[in-house]
Structures are given as structure tokens and as C-alpha cells.
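Engineer: Here's a structure for you.
The values are calculated or read from the model by the stated rules, or taken from the named source; none is laboratory data. Quick caveat, the model's predicted, so the values are computed rather than measured. All Cβ positions, glycine included, derive from the backbone under ideal geometry; neighbour counts span all protein chains shown.
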Amino acid sequence: MNDTVASLHFKFEVNGGDFAKAGDASSRVKKILQQIGADQAIIRRVAIACYEAEMNVVIHARHGFVVLDADLEKIIIVVDDEGPGIEDIELAMTPGYSTAPDSVREMGFGAGMGLPNMKSCSNEMEIHSRRDVGTTIRMVFENA
């Protein structure tokens, strides 16, 4: 018997300030998961969390990547950006807390629910951030 599990790996570029393409990476992740027959409930959770993370890159960072690693057991999304970093992660996890500029809020973004939504949609979430370097968020999704 072959114990090897098929694994997918995709990497999508995200540019800071590019609201015209905001959501493209998370849409592509969702389509890939649909094509491999992932459960609809997990696809929904991944799509929400991935979109929130991608929007944080667009709003706050200069540049970043969304990485999808998936197999039959779990889905891992890593979002890595070059940006200002998150000064106080605990505060940033507070629902409603936002550092988005007014211009972004006027577009309907930056409500301060991104990180809390990512955490509630994922089974595990880790945030590593360095001031003036960037932020890496790793989210793990498993079937309920």
C-alpha cells in the first residue's frame, strides 16, 4: 500500500494598494479547493480567512504572497508580507480594532474584523510580525 498523500502547493503574489486585484488570490484558492473536491464547509472557512489575510496585505503592506498547501488531511494557508508589521498583536486581535487609514475605510474596508475572522475560521492560527519588516500568518484548516 502506498502511504504517500497527494499534496498541492500554489503561491500567489499580492501587491499592496492594488484594490483592483484584491481578492484574486483567495478566489483562486477557492477554485482550486473546489476542483479537488474539498468539503464545501472547509472551502467556505478557507475562502473567508484567506480573503481577510489578502486584504490586510493590500491595505497595509507593500507586497506579499498567499501560499496554499493542501492534501487530503488538511489545508494550510500562509500569508507573508513586506510591510510595517503589527505593533501589538494582542490589540490587533480585538474585534473592531483597526489601523486602516480613513481612505481605506471610505472604500468599505478596514473594519477591524480581519484577524478575528481569520482566527474563528481556522483550526490553528499563528502570527509572527516584525516592525518595519512584515508579517507572516499561518492558518491550518481541518475537516470538522
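Engineer: Got a sec? Which of Ile77, Ile89 is in contact with a strand residue (DSSP E or B) (Cβ under 7 Å, 6 or more places away or on another chain) and closer than 15 Å to Ala47 by Cα?
Structural biologist: Working: Ile89 fails: closer than 15 Å to Ala47 by Cα.
The match here is Ile77.
Engineer: Take the residues of the stretch 105-123 that are out of contact with any Asp or Glu (no Cβ under 7 Å at 6 or more places or on another chain) and crowded, with 19+ Cβ neighbours inside 10 Å: which is nearest to Arg62 (Cα to Cα)?
Structural biologist: Of all residues in the stretch 105-123, those out of contact with any Asp or Glu (no Cβ under 7 Å at 6 or more places or on another chain) come to 105-113, 115-116, 119-122.
Pick out the ones that are also crowded, with 19+ Cβ neighbours inside 10 Å and you get 110, 115, 121-122.
Numbers: Gly110: 16, Leu115: 19, Cys121: 26, Ser122: 25 Å.
Within the stretch 105-123, the match that is nearest to Arg62 (Cα to Cα) is Gly110.
Engineer: If I ask for residues that are of a type in the set (S, T, N, Q) and either in contact (Cβ under 8 Å) with a residue 60 or more places away in the chain or assigned to a loop (DSSP other than H, G, I, E, B) (or both), which ones from the stretch 112-125 would you list? Before the answer, list the steps.
Structural biologist: First, pick out the residues of the stretch 112-125 that are of a type in the set (S, T, N, Q): 117, 120, 122-123.
Asn117, Ser122, Asn123, listed by residue number.
Engineer: Right, another one. Return the pair list, or none, for Cβ contacts closer than 8 Å from residues in the stretch 91-111 that are over 14 Å from Phe19 (Cα atoms) to residues that are surrounded by fewer than 12 Cβ atoms within 10 Å (Cβ to Cβ), at least 6 apart or on different chains.
Structural biologist: Hits for this filter: Tyr97/Leu91; Ala111/Gly96.
Engineer: Can I ask one more? Those residues that are in a loop (DSSP other than H, G, I, E, B) and either at pLDDT 95 or above or within 16 Å of Met125 (Cα to Cα) (or both), I need them from the stretch 65-86; list them, please. Step through it out loud before you land on a result.
Structural biologist: Filtering the stretch 65-86 down to residues in a loop (DSSP other than H, G, I, E, B) leaves 71-73, 83-86.
Matches in the stretch 65-86: Gly83, Pro84, Gly85, Ile86.
Engineer: Give the stretch 64-101 a look and list any residue that's surrounded by 15 or more Cβ atoms within 10 Å (Cβ to Cβ), over 13 Å from the mean Cα position of the chain (by Cα) and under 28 Å from Gly37 (Cβ atoms), or say none.
Structural biologist: Correct list: Ala70 only.
Engineer: Then there's this: In the stretch 21-64, what residues are over 18 Å from Ser122 (Cβ atoms), charged (D, E, K, R) and either free of Cβ contacts under 8 Å to residues at least 12 places away in the same chain or assigned to a loop (DSSP other than H, G, I, E, B) (or both)?
Structural biologist: Matches in the stretch 21-64: Lys21, Lys31, Arg62.
Engineer: Identify, please: which residue in the stretch 126-144 is aliphatic (A, V, I, L, M) and in a strand (DSSP E or B) and is, among those, farthest from Glu73 (Cα to Cα)?
Structural biologist: Filtering first and then ranking leaves Ile127.
Engineer: From the list Ala47, Ala61, pick out the single residue that is surrounded by 12 or more Cβ atoms within 10 Å (Cβ to Cβ), touching a Lys or Arg at 6+ places or on another chain (Cβ under 7 Å) and modelled with pLDDT of 95 or more. Before you say what the answer is, go through the steps one by one.
Structural biologist: On the way: Ala61 fails: touching a Lys or Arg at 6+ places or on another chain (Cβ under 7 Å).
Residue meeting the stated conditions: Ala47.
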